[in-house]
1. Looking at (1) within 28 Å of the chain's Cα centre (by Cα); (2) part of a helix (DSSP H, G or I), can you tell me which one Gly208 breaks?
2. Among the residues of the stretch 55-105, what is the count of those that are of a type outside the set (A, V, I, L, M) and either modelled with pLDDT under 90 or touching a strand residue (DSSP E or B) at 6+ places or on another chain (Cβ under 8 Å) (or both)?
3. Looking only at the stretch 42-69, filter to residues that are surrounded by 23 or more Cβ atoms within 10 Å (Cβ to Cβ) and closer than 14 Å to Leu183 by Cα; which one of those is nearest to the chain's Cα centre (by Cα)?
4. Hey, can you tell me all the residues within the stretch 136-191 that are more than 32 Å from the chain's Cα centre (by Cα) and in contact (Cβ under 8 Å) with a residue 24 or more places away in the chain?
5. Going through Ala167, Ala233, Ala175 one at a time, which residue ends up being part of a helix (DSSP H, G or I), surrounded by 15 or more Cβ atoms within 10 Å (Cβ to Cβ) and modelled with pLDDT under 90?
6. Residues in the stretch 123-162 that are modelled with pLDDT of 65 or more, aliphatic (A, V, I, L, M) and surrounded by fewer than 12 Cβ atoms within 10 Å (Cβ to Cβ): how many?
7. Restrict the check to the stretch 74-96 and report whether at least one residue is hydroxyl-bearing (Ser, Thr, Tyr), touching a residue at least 24 places away in the same chain (Cβ under 8 Å), in a helix (DSSP H, G or I) and out of contact with any His (no Cβ under 9 Å at 6 or more places or on another chain).
8. Is there a residue being farther than 30 Å from Ala239 by Cβ and not in a helix (DSSP H, G or I) anywhere in the stretch 56-69?
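The values are calculated or read from the model by the stated rules, or taken from the named source; none is laboratory data. Keep in mind that this is a model prediction, so the values were computed, not measured. Virtual Cβ from ideal backbone geometry, glycine too; neighbours counted across all protein chains shown.
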Amino acid sequence: MQGTREPTENHLPRDRAAAGARFRWTHAAMWLAASTLAGAAVGWLAAWAGEYRAPLVVFPLVVGALLGMTLAGLMRLVEVGHRPTLLAGALLAAAVAVTGQHVAAYRKAAVAAERDARTLRLAREAFGDRVAGRMPSPPQGVFDFLREEAARGRPLWGRFAAAGAAAWLSWAADALLLAAAALAVVIPACRQPYCDRCRSWYRTRRRGRLEPAAAAAVAAAAGMTASDRPLRARYRLVACAGGCGPVGFELSWQEAGGKRASATCRLEADRRLEVERELDAAAAY
C-alpha cells in the first residue's frame, strides 16, 4: 500500500452532502441560546478560578480554550452545522464569558460594600460618633464599577498597575485573547464534514485492528494499492448518521521495516459494501 501522511476527518468525504449546512432559523436560535449558556457558565467558572490565580495572558487563553472545547462539544450534541452561525455563536459566547467575569467581580464588590456599610451602621448605632469612617457606597452598575477600578488601577505584575485608559486596554486585550483562543478551537471543528441531508456531523462509525492478511484484503476492496502485506494495521470508517453520502475510510499500518504509513479514500456505496464484507469476515476469525 502506498503511504501518505496521517489523515484526519478533514481529508474525508467532501461532496455536497459533507460541505456544510444551510442556514435555518430554528438551528440558529438553538445554537445562539446554547452559546450564551456556555459563555455564562465558563465566565462564572473563570470568575471563581480568577480569585485564586489568574496569570496575565495565560489565564484568558486557558479560559478561551475551555470555552472553545465546550462549544465544539455542543456543536456535535445539537447537530448544528451552518459555519457562519457557529462562528457567530462562538463570538457571542466569548462576549458573554468576558462580560460574565466583570459582572461577577461587580457583584462581589457590591456585596462587600453592602456588608461593610451594614457593619459601620451597626457600630455607629452602638458607639455613636466615636466610630469614624466614611459610609461605603456600592457601585451603581458594572460600568460604574469598571470606571472606579480603572481609576484605582488594575494590578498587572509586581508593583505595576494599569490605570485609566491603560486598564481599559488591558481588559480589551484579555477579551481578544479569550476570543482568539476560543476560535482557535472552534474553527477547526467547523471544518469537519457535515451532512445536510440527515443534519449530522461525520463521526467514526467503525474502527479496529486487522491482521496482515485481512488488512491486505480490505485495502484491495477499498481500491488502495497493495504492494506488500502490512503489519499491525488499524482501520476507521467515518460517516454521517444516516449514511447519506460517501464514507471516509482510513487505514494505517506498520510495514515490515518498522515504518508507519497510512492512507485514506472515499467509499461509494458499492465499495463500502465490499469493504464492510471484508471487515465482517476479518472479525469472524
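1. (2) is the only condition that Gly208 fails.
2. Of the residues in the stretch 55-105, the ones of a type outside the set (A, V, I, L, M) are 55, 59-60, 64, 68, 70, 73, 76, 79, 81-85, 89, 99-102.
Filter once more, so that each one left must be either modelled with pLDDT under 90 or touching a strand residue (DSSP E or B) at 6+ places or on another chain (Cβ under 8 Å) (or both): 55, 76, 79, 81.
Counting residues in the stretch 55-105 that are of a type outside the set (A, V, I, L, M) and either modelled with pLDDT under 90 or touching a strand residue (DSSP E or B) at 6+ places or on another chain (Cβ under 8 Å) (or both) gives 4.
3. So the first thing to find is which residues in the stretch 42-69 are surrounded by 23 or more Cβ atoms within 10 Å (Cβ to Cβ), and the list is 42-43, 46, 60, 63-64, 67-68.
From what's left, closer than 14 Å to Leu183 by Cα: 60, 63-64, 67-68.
On the way: Pro60: 14, Val63: 11, Gly64: 8, Leu67: 6, Gly68: 3 Å.
Out of the qualifying residues, it is Gly68.
4. Ser137, Pro138, Pro139 - these are the residues of the stretch 136-191 that are more than 32 Å from the chain's Cα centre (by Cα) and in contact (Cβ under 8 Å) with a residue 24 or more places away in the chain.
5. Details: Ala233 fails: part of a helix (DSSP H, G or I); Ala175 fails: modelled with pLDDT under 90.
Testing whether each residue is part of a helix (DSSP H, G or I), surrounded by 15 or more Cβ atoms within 10 Å (Cβ to Cβ) and modelled with pLDDT under 90 leaves just Ala167.
6. Residues meeting the conditions: 1.
7. From the stretch 74-96, those hydroxyl-bearing (Ser, Thr, Tyr) are 85; that's our starting set.
Remaining after also requiring touching a residue at least 24 places away in the same chain (Cβ under 8 Å): 85.
Pick out the ones that are also in a helix (DSSP H, G or I) and you get 85.
Going one step further and asking which of them are out of contact with any His (no Cβ under 9 Å at 6 or more places or on another chain), we end up with none.
There is no residue in the stretch 74-96 that is hydroxyl-bearing (Ser, Thr, Tyr), touching a residue at least 24 places away in the same chain (Cβ under 8 Å), in a helix (DSSP H, G or I) and out of contact with any His (no Cβ under 9 Å at 6 or more places or on another chain).
8. Within the stretch 56-69 (the criterion being farther than 30 Å from Ala239 by Cβ and not in a helix (DSSP H, G or I)), the answer is yes, since at least one residue qualifies.
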